[in-house]
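Student: Submitted below is the structure of interest, expressed as structure tokens.
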Amino acid sequence: MRYPNLLSPFVLNKLTLRNRIVSTAHAEVYAEPGGLPGDRYIRYYEEKAKGGLGLAICGGSSPVSIDSPQGWWKSVNLSNDQIIEPLARLAGAMHQHGAKIMIQATHMGRRSAFHGEHWPHLMTPSGVREPVHRGNAKIIELEEINRIIKDFAAAARRVKAAGMDGIEISAAHQHLIDQFWSPRTNFRTDDFGGSLQNRMRFGREVLSAVRAEVGADFAVGLRMCGDEFHHDGLDHETLKEIAHEMASSGLIDFLSVVGSGADTHNTLANCMPPMALPPEPFVHLAAGIKAVVNIPVMHAQSIRDAGQAERLLESGMIDLVGMTRAQIADPHMAMKIREGREDEIKQCVGANYCIDRQYNGLDVLCVQNAATSREATMPHVIAKSGGPKRKVVVVGGGPGGLEAARVARLRGHDVVLFERESTVGGQVNLAAKAPQREQMAGIIRWFDMETTRLGVERRLGVDATDAMILAENPDIVVLATGGASHMGQVAGWGAASGLSVSAWDILSGRVAPAQNVLVYDSMSTHAGAGVADFLATRGSRVEIATPDVKIADDVGGTTFPIFYRRLYALDVVMTPNVWLDEVYREDGRLVAVLRNEYTEVQEERVVDQVVIENGILPNDQLYWALKDKSLNRGQTDMETLFAAAPQPSLSQPLGGGRFLLFRVGDCISPHNIHGAIYDALRLCKDF
Amino acid sequence: MHSLDHLVTLLFWLAVAALAFGTMRRARLWRAGAAAPFNWAQLLTVPRRYLVDVHHVVARDPYIARTHMLVAGGAVAAVALVALNYGLMLYWPLLNGAIVLAAAVMLGGSYLVWQRRRAPLPRLSAGPWNRLPYTLAAFALGLLALALLPSALLSGFFAALIMLALLAGTAELVLGIGTGGPMKHAVAGVLHLAFHPRAERFAMRSTALRPLDLAAPVLGVEKPTDFRWNQLLGFDACVQCGKCEAACPAFAAGQPLNPKKFIQDMVLGFSGGSDAAFAGSSYPGITLGGHSGAPEEPILPALLAPETLWSCTTCRACVEECPMQIEHVDAIIDLRRFQTLARGALPGKGAEMLGNLRETATQGGYDNAARYHWAVDLNVRQIRPGESVDVLLVAGEGAFDMRYQRSLRALVKLLQAASVDFAILGALEVDTGDTARRLGDEATFQAQAARLIATLSTLTFGRILTADPHVFHSLKNEYPALGGHFTVLHHTVFLAGLASSGQLKLSATSETRAITYHDPCYLGRYNGETEAPRALLRQIGVRLTEMERSGLRGRCCGGGGGAPLTDIPGTQRIPDIRIADARATGAGLVAVACPGCTAMLEGVVGPRPEVIDVAELLAAALEGQA
């Protein structure tokens, strides 16, 4: 019996979960206006239910009160009765596939921003501003406390009325309940401040009101932090006391424990541990709390693998495993574990594309799975085509080309994939060279295994020419040829004469790091900071300069802190707001001329090496060589593509020299990994 | 009428005496065995058993069927005529004419025997068996000469020559039984048919093991004389044709078992002696001459190596092939019973499994409550005392295996789609004890059976349904002797019924790979069910490509009889051979109907056809399925 713990059922109150695999509450940013789950929201969760998980807790940070803003992250709004009907539809969809569904309910207190929707005055125990969200807030008054407690109870009533299986109250990530708990934010001198007992009063009263509302048989959980990691915050021992108190109250059926506070940029990065952190970095905090409570403990944070999850359960550290990003990457993970198809699981690599989008108020998407949250139009399981079997030639083995080859093969076609390098992966292979970014390679590992398993004919180490492509007698050609470093944009950089080198040159090992290095990063994505880190880690003295307002400005909220932790520790000098005008040689060394964006003042740097990250230019030679020969003259019909419908050109007779030509990803214009994969999936799913 | 005729008469009666004496001598060895019911009237069953049951097996090989018909038919007719004409001293020329005919037929048969032994198949024994064409021909030629030649020629040298030929032939025919020669089989074979230890098999497919009296002084068989006398007689019926050897999966895999040698060793056991003279293939890896036995000596290890005993998968392929209707597997189990119950000498993981069974009622040492974990989200009813249900699903040990859970989930899906009134046994289910029984632990088997029968007797259900042929066989065929009488159905049979009545609506499969079907031994050979799974596959539009060994003659997957637990090494693994069989058909998919077969065949490493239970194929072809 494999996974005897992970796949064993679990009883929570009157609820039997079919296994221990949970998708814990996270902000989806999918709710329809008004905070109502719509078709997209329900399909997103239903896919996980189909995929075999035991329990999903939806609606991260769903507000119970009208003055806890809902709109910033398109949260589910539990503050009025309109929510009952859509939640009932959600519950029905989940139950149909044997899964259970709960929702998280909260009041965010100061953890929001005032300037939107109803322009509310945010509230917090002592009026301390929240730094990450710039949450200016007032001191909460007794009347407001009492009203919010009632709001929690009313929200619980709605959740129960909708036929949901339970409710999780959030006291994690510095929401209102833990704003009361934390000495960092609670300086009150009334019954709700001072002693720990007083600071716990609000949370206890919330739980009492909720339990009174839903009765003894409805599952109620509490999510809490295991250590805020702030000198003036809640430490692990205090949180154990709180956990013990809450668990012994008899008011809740489970605790969900996470590590780290979340009210600074740096602590926030811990909450959804990015790939730089080790696996399950905070499970010890959950285990510490489990040691002092008599109710089940759930934990999620970088548990991505079935073996890992089984080990944590077997060792008794936790009772339920949250594998949330793991199931954003592959909603069918649980089923594949059950069916012994672990190798087919698209495993989360901790790239945090999902959460980094969410912190920008954008819908959660997976860097490596373009079907997630697009279930209405994009299939997670590719069905065989009922149409003619075709010869599809894909050029380029980066993520876009791999996805195109995979999907076309699953459609039942004969697929040939050309890749110039001896291994697949394209630019992702370079991205994985940066320190602490190695797990990016995991994205490719899956595509590599899948295209092999499915029988794509892979011609690796072959630099395809138009003649070679035509010799295959293709019906369809998909170009996914990516791009090359865009070094020629400014003549003064001297790239042509070797005065500057590209980030790719360094990451690929083609050019060795020099002693004093200026990294000029006009893109502010992971690549620039990554190459600076790469150089500094190898002993170079590095300055990284950018015209943007800060270094790594286009790297999301849970990832840029990782770069900053490393760059500061390595004494990398970070210089924002400058342009690189020129590089010239003087006395055997290089002089780089930087110009301040705002003052136009130029300054010079004398260095040994100038490394430039300026994105890419599309590789489009093959496109122009093939365009005129193709039936569709290389054109993708945007109307049908955006409508997720089959390309009209597919209905023509193909073969015998008549072929269609399409492009996906960076070889059209620079996108990103998700963009390339999405391009390929939406195009090839109808081949 | 001359003196040669009298000589023949003398020879005839001497031969009769020798045969009688030899038979009595041999019978004394058999009778050293344990008691078994005996009734002379059973001799009357022989013609039918010979002409129907034996013929049914022999006819599978037309050449040898023809050969035996000629040589044995000719010999029996000739001897009967000689008995008449010479024994009774009639000396009628007309009868001599008939003798000529019979002897000619026999001579023709002898020629065929000779032909066959010119380039003998490896499964055939050599040694004394190789002289048979000559001694039989001598007998036939002697008779021909005696009856054909003018009397003038029947004197002197010729007469001596004829008498020599007749003497040689007669010696072969009548001394065999007393001395253990090849022709022993004629007498022992006839008696074996009459007094067969598993007489039920002539009325129906009989494969259930006999319950062991746990209060008996000796549990199972330690020494040859612990076998029942008619089992010993049965061993003597062996003609060393090696059909069993050719069918044995363990032999093919290079494990130290050869059913033919095993039977000969049992003969050696009750008659005494060494195996040095054995003229067939030895147990793979074990050289001849190292083993010997005696009637009152323990069989293991002097006569039989333990590895030989534990290599058997109890697949019954040997029994199915044996023209002499010998029951190899019963003998193996009798020996295992003593080794396990009296000596605790069970190799590999066998003992661990038996401990698990006693302590947890599961083979793997699991929590019984976990047996139906795979069903918690399927909305399946759990049976309770006082609530009646038509179909009770019994999952078996496979329910703890993630792979087999897929088959079970598919089965549940089918039952639900067909609106079957069913429930699972749930945490009430305990192991049937089947594997314990195959490993000789009759005590644990009977304890498990008593427990399961007690549980089932508190419940109200119409029929038991299982997807595990071992559970099926155990409950259906072996529980009745212990007081458990149930209607038991294998899922393929039940589903075939639902499909043909239209209750289960199936559409054509979307599977495009070539498909072959692997017969589980405990469904096919043990229970004769080879058609239902094939009918179901036809129903969803599958055109089966059959493997060379299929149906009642299917090749074992290697998973039976506790063999995966005792795990005796060979030169290759049985499932590898079976997958090679499947590959040879060009199949991309092997349909199966047993959790054991699934596990064994899926254990084959490297590229191989996919292994899918029939239920899974059907579930994917349910009507209305996307």
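Values quoted throughout were computed directly from the atomic coordinates according to the rules given, and no laboratory measurement underlies them. All of these numbers come straight from a predicted model, not from anything done at the bench. When we count neighbours, we look across all protein chains shown, and the Cβ atoms used for this are built from the backbone with ideal geometry, even at glycine.
Student: Give the average, rounded to an integer, of partner chain Cβ atoms located within 10 angstrom of each Cβ in A:96-108.
Tutor: For peptide A:96-108, the averaged partner shielding equals 1.
Student: Still on this structure: Hey, what angle do you get for helix B:350-360 against the long axis of chain B, alpha-carbon based, 0 to 90 degrees rounded to 10?
Tutor: Roughly 40 degrees between the two axes.
Student: Continuing with this model, one more query. How many nm is it between the label spots at B:Ala83 and B:Leu378, if each spot is 7 Å from the Cα in line with the beta carbon?
Tutor: About 6.3 nm, to one decimal.
Student: Continuing with the same structure: Between segment B:582-626 and segment B:189-238, what's the alpha-carbon centroid distance in Å?
Tutor: Here the two parts' Cα centres lie 38 Å apart.
Student: As I understand it, the dipole of segment B:361-497 uses +1 on the Cβ of Lys and Arg and -1 on the Cβ of Asp and Glu, about the Cα centre. Which of B:Leu489, B:Gln446, B:Thr458 lies farthest toward its positive end?
Tutor: The Cα lying farthest towards the positive end belongs to B:Leu489.
Student: Let me know the shape class of segment B:1-55, please: from the alpha-carbon gyration tensor, a ≥ b ≥ c as square roots of the eigenvalues, rounded when a/c is under 1.5, otherwise prolate if a/b is greater than b/c, or oblate.
Tutor: oblate
Student: Quick one: P(r) of segment A:271-317 from all Cα-Cα pairs, 5 Å bins, percents rounded to integers, in order of increasing distance.
Tutor: The calculated distribution, bin by bin, is 5, 21, 32, 23, 14, 4, 1.
Student: Among residues other than A:Gly194 whose Cβ falls under 11 Å from its Cβ, what is the net charge (Lys/Arg +1, Asp/Glu -1)?
Tutor: Details: positive: A:Arg188, A:Arg199, A:Arg201; negative: A:Asp190, A:Asp191.
Surrounding charge for A:Gly194 is +1.
Student: May I ask you to derive the FRET efficiency for A:Glu600 and A:Ala512 from their Cβ-Cβ distance with R0 = 35 Å, giving the value to the nearest 0.05?
Tutor: Efficiency for this residue pair is about 0.50.
Student: To continue, here is another question. Averaged over A:335-342, how many beta carbons belonging to a partner chain fall within 10 Å of each residue's beta carbon? It would help to have the intermediate numbers written out before the result.
Tutor: On the way: counts 1, 0, 1, 6, 5, 6, 0, 0.
If you average over the peptide's residues, the count of other-chain Cβ atoms is 2.
Student: Where does chain A land on Rg/Rh, using Cα atoms and the Kirkwood Rh?
Tutor: Working: Rg = 26.8 Å, Rh = 26.8 Å.
Expressed as Rg/Rh, it is 1.00.
Student: For segment B:22-127, what percent of Cα pairs sit more than 19 Å apart?
Tutor: In whole percent, the long-distance tail amounts to 65.
Student: Same structure again: Dipole of segment B:361-497, Cα-centred, from +1 at each Lys and Arg C-beta and -1 at each Asp and Glu C-beta, to the nearest 20 debye?
Tutor: 260
Student: Quick one: in segment B:2-194, what % of C-alpha pairs are over 24 Å apart?
Tutor: 44
Student: For the Cα atoms of chain B, what angle does the longest principal axis make with the long axis of helix B:328-337, in degrees from 0 to 90, nearest 10?
Tutor: That helix lies at roughly 60 degrees to the long axis.
Student: Sort segment B:515-620 into rounded, prolate or oblate with this rule: let a ≥ b ≥ c be the square roots of the eigenvalues of the Cα gyration tensor; rounded if a/c is under 1.5, and if a/c is not under 1.5, prolate when a/b is larger than b/c, oblate otherwise. Mind dumping the intermediate values first?
Tutor: Numbers: a/c = 1.77, a/b = 1.41, b/c = 1.26.
Note, shape of segment B:515-620 comes out prolate.
Student: How many nm is it between the label spots at B:Glu359 and B:Leu482, if each spot is 7 Å from the Cα in line with the beta carbon?
Tutor: 2.1
Student: Local charge sum around A:Thr537 (other residues, Cβ-Cβ under 14 Å, Lys/Arg +1, Asp/Glu -1)?
Tutor: +3
Student: Could you work out the relative contact order of segment B:229-276? I mean the mean sequence separation of Cα pairs under 8 Å and 6+ apart, divided by the number of residues, in percent.
Tutor: 36
Student: Using a Förster distance of 41 Å, how high is the FRET efficiency between A:Asp608 and A:Leu460, based on the Cβ-Cβ distance and rounded to 0.05? Don't jump to the answer; show the numbers that get you there.
Tutor: Details: r = 36 Å, r/R0 = 0.88.
Calculated value: 0.70.
Student: Given Cα pairs under 8 Å that are at least 6 residues apart, what percent is the relative contact order of segment B:515-620? Numbers along the way, then the final one.
Tutor: Working: 153 pairs, mean separation 34.8, N = 106.
Dividing the mean separation by the residue count of segment B:515-620 yields 33 percent.
Student: What are the lysines whose alpha-carbon lies under 19 Å from the alpha-carbon of B:Lys261, with same-chain residues fewer than 8 places away excluded?
Tutor: Reachable lysines: B:Lys184, B:Lys223, B:Lys243.
Student: A further question on this structure: Starting from the alpha-carbon convex hull of segment A:240-288, give the projected area averaged over all orientations, in nm².
Tutor: About 4.2 nm², averaged over all directions.
Student: Take the alpha-carbon centre of segment B:47-106, take the same for segment B:493-529, and report the distance between them in whole Å.
Tutor: 46
Student: How many Å³ per residue does the convex hull of the Cα positions in segment B:361-497 occupy?
Tutor: 101
Student: Beyond 55 Å, what percent of the Cα pairs of the protein assembly as shown remain?
Tutor: 41
Student: Projecting each Cα onto the charge dipole of segment B:515-620 (Lys/Arg +1, Asp/Glu -1 at the beta carbon, about the Cα centre), which of B:Cys597, B:Cys557, B:Ala587 comes out farthest on the positive side?
Tutor: Of B:Cys597, B:Cys557, B:Ala587, it is B:Ala587.
Student: Using 0.36 nm per residue of separation minus the Cα-Cα distance, give me the extension gain between A:Leu362 and A:Ala471 in nm, one decimal.
Tutor: This chain segment gains 34.8 nm when fully extended.
Student: Still on this structure, I have one more. Cα-based Rg (one decimal) and Dmax (whole number) for segment B:257-331, in Å?
Tutor: That works out to 11.8, 30 Å for Rg and Dmax.
Student: Quick check on segment B:295-365: take the gyration tensor over C-alpha atoms, sort the square-rooted eigenvalues as a ≥ b ≥ c, and tell me if it's rounded (a/c under 1.5), prolate or oblate.
Tutor: In terms of gyration-tensor shape, oblate.
Student: Per q in 0.20 1/Å, what log10 I(q)/I(0) does a Debye calculation on the alpha-carbon atoms of segment B:97-217 return?
Tutor: With no solvent term, the Cα-only Debye profile gives -1.13.
Student: While we're on this one: Have a look at chain B and give its Rg and Dmax from the Cα atoms, expressed in angstrom.
Tutor: 27.8, 97
Student: Restricting to Cα atoms and excluding each atom paired with itself, what does the Kirkwood estimate give for segment B:253-389 in Å? Don't jump to the answer; show the numbers that get you there.
Tutor: On the way: mean 1/r = 0.0557 Å⁻¹.
Here the Kirkwood hydrodynamic radius works out to 17.9 Å.
Student: Identify the residues of segment A:115-138 with backbone N under 16 Å of a label point that sits 7 angstrom from the Cα of A:Lys550 along the Cα-to-Cβ direction, or state none.
Tutor: Inside the label zone: A:130-135.
Student: Under 19 Å Cα to Cα from A:Lys100, which aspartates and glutamates show up? Leave out anything in the same chain fewer than 8 places away.
Tutor: A:Glu28, A:Asp39, A:Glu46, A:Glu47, A:Glu85, A:Asp165, A:Glu168, A:Asp217, A:Asp253, A:Asp319, A:Asp330, B:Asp377
Student: Same structure again: Please work out the Cα center distance from segment A:181-247 to segment B:123-154, rounded to the nearest Å.
Tutor: Cα centroid of segment A:181-247 versus Cα centroid of segment B:123-154: 105 Å apart.
Student: If Lys and Arg each add +1 and Asp and Glu each add -1, what is the summed charge of the other residues whose beta carbon sits under 11 Å from the beta carbon of A:Glu228?
Tutor: Cβ neighbours under 11 Å give a net charge of -4.
Student: Right, next: Tilt of helix B:156-179 relative to the longest C-alpha principal axis of chain B, in degrees (0 to 90, nearest 10)?
Tutor: For B:156-179 against chain B, the angle is about 30 degrees.
Student: Here's a follow-up. Which FRET efficiency value, to the nearest 0.05, is calculated for B:Leu214 and A:Gln635 with the Förster distance at 60 angstrom and r the Cβ-Cβ distance?
Tutor: In this case the efficiency is close to 0.10.
Student: Amide H to amide H, which residues 5 or more places from A:Asn19 or on other chains are under 5 Å from it, using H placed in the peptide plane?
Tutor: Answer set, sorted by chain and number: A:Phe10, A:Gly54.
Student: With a point put 7 Å past each Cα toward its Cβ, work out how far A:His118 is from A:Tyr584 in nm, to one decimal.
Tutor: About 6.4 nm separates the two model spin labels.
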